[in-house]
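Reviewing the structure listed below.
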Amino acid sequence: MRSTASYFRWPLIVTVLGVALAGALGWRFSGTSAGAISFLVIAAVLAVLEISLSFDNAIVNANKLKEMSPVWQRRFLTWGILIAVFGMRVIFPLLIVVIAARIGPWQAIELAATRPAEYAELIRGAHLPIAAFGGSFLMLVALTFFFDQSKEVHWIGRLERALRSCGSVRGMEVGFVLVLILVFVWLLPVRDEKLFMFSGMWGIVTFLAVDALGHVLDRWGERQGSAARGTAQAGLGAFLYLEVLDASFSFDGVIGAFALTQNLFLIAIGLGIGAMYVRAMTVMLVERGTLAEFRYLEHGAFWSILVLSIIMFGQTMWHLPEVVTGLLGACFIATAFVSSVLWNRRHHGQGGEHGS
């Protein structure tokens, strides 16, 4: 079995390169050693922010990856990380400005480099539709897990069993999210109603489309036989699902980063470093089978996702610091980890039911 340090070799290399680049960037913008040190510190804080907000993402990724063929696992861990780092941490913020300001991509880069305050304001102005889309998508991810009729293991016993019973009603999770969207539309100012509802609906449609594609490819693979299953079953559909999921997780990190700095390039460095550690944790969870060893860890991740989705909805009306989101997620996962360790101690060497 690989040592723990071996999983984090590349993240550490990227950290050294990223920190050096952040220092050079600070010197370039300020011309002083104090400015360079300031950029170093901000890059480190951004990396920690990304890790704290995305640890639950690593757990969910690992759960999905174990169902994928080795070919698609490698594709996600190579192409997927490139899309995650460059797509969501660089291209996505630029795309927001291109659409919001109706300017070209090169002009958006120039705006980020020369007028960072104006650039950051455009990003913050796009927060409402981003929160509505991401909140809807992530809430469906969490509710689909808790409403699953085949789910046998329950961490928060009564509550999770009640949620599973709701899954016996077809489409209940979609109905729940739709009702919540209507509640927020009623609470929001009139000027924001249409945009919030439109964005929230697109979050639902995206989830259903990616989920449907996964089922179609799965059935196609079954009809074509085992050779096709290796590439189709849990392949392209799961890859797209994980990419959209990563994008949804990245929304709050990208938006929150602008509270620390308005420099797009520094944000890309800091969040990119954090994303590399999330990838390393995902690989370690898959190869070591940690999710099977700690039975409630996955539950903690999905509770964290559910809370994050609610917070994203709430952020359309109230300001909630990103550190609160990170701490809540970390608390759920840490508690689930402790619960798993206690369960293993109580049942060590015993057989019996896996449900609780």
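Side notes on the structure shown:
- Among the candidates LEU140, LEU128, residue that is within 17 Å of PHE313 (Cβ to Cβ), modelled with pLDDT under 90 and part of a helix (DSSP H, G or I): LEU128
- Here the helices (runs of 4 or more DSSP H) wholly within segment 212-327 that include at least 1 residues being modelled with pLDDT of 75 or more, within 26 Å of GLU118 (Cα to Cα) and touching a Leu at 6+ places or on another chain (Cβ under 7 Å) are 264-288, 297-314.
- Within segment 143-167, tally of residues that are of a type in the set (Ser, Thr, Tyr) and either under 28 Å from SER199 (Cα atoms) or in a helix (DSSP H, G or I) (or both): 2
- Filter pass, VAL174 being farther than 13 Å from THR316 by Cα, touching a residue at least 24 places away in the same chain (Cβ under 8 Å) and more than 23 Å from the chain's Cα centre (by Cα): no
Listed here are the residues, each with its yes/no results for (1) closer than 30 Å to ASN344 by Cβ; (2) in contact (Cβ under 8 Å) with a residue 24 or more places away in the chain.
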position: GLU160; (1), (2): yes, yes
position: VAL169; (1), (2): no, no
position: LEU178; (1), (2): no, yes
position: ILE181; (1), (2): no, yes
position: PRO189; (1), (2): no, no
position: GLY200; (1), (2): no, yes
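- Residue count for segment 100-115, restricted to those that are surrounded by 13 or more Cβ atoms within 10 Å (Cβ to Cβ), modelled with pLDDT of 75 or more, part of a helix (DSSP H, G or I) and among the hydrophobic types (A, V, I, L, M, F, W, C): 5
- Considered as a group, the residues in segment 124-158 that are without any contact (Cβ under 8 Å) to a residue 24 or more places away in the chain and charged (D, E, K, R) include one that is surrounded by the most Cβ atoms within 10 Å (Cβ to Cβ), and that residue is LYS151.
The values are calculated or read from the model by the stated rules, or taken from the named source; none is laboratory data. Quantities reported herein were computed from a predicted structural model and do not represent experimental measurements. Cβ coordinates were reconstructed from backbone atoms using ideal geometry, including for glycine residues, and neighbour counts include every protein chain displayed.
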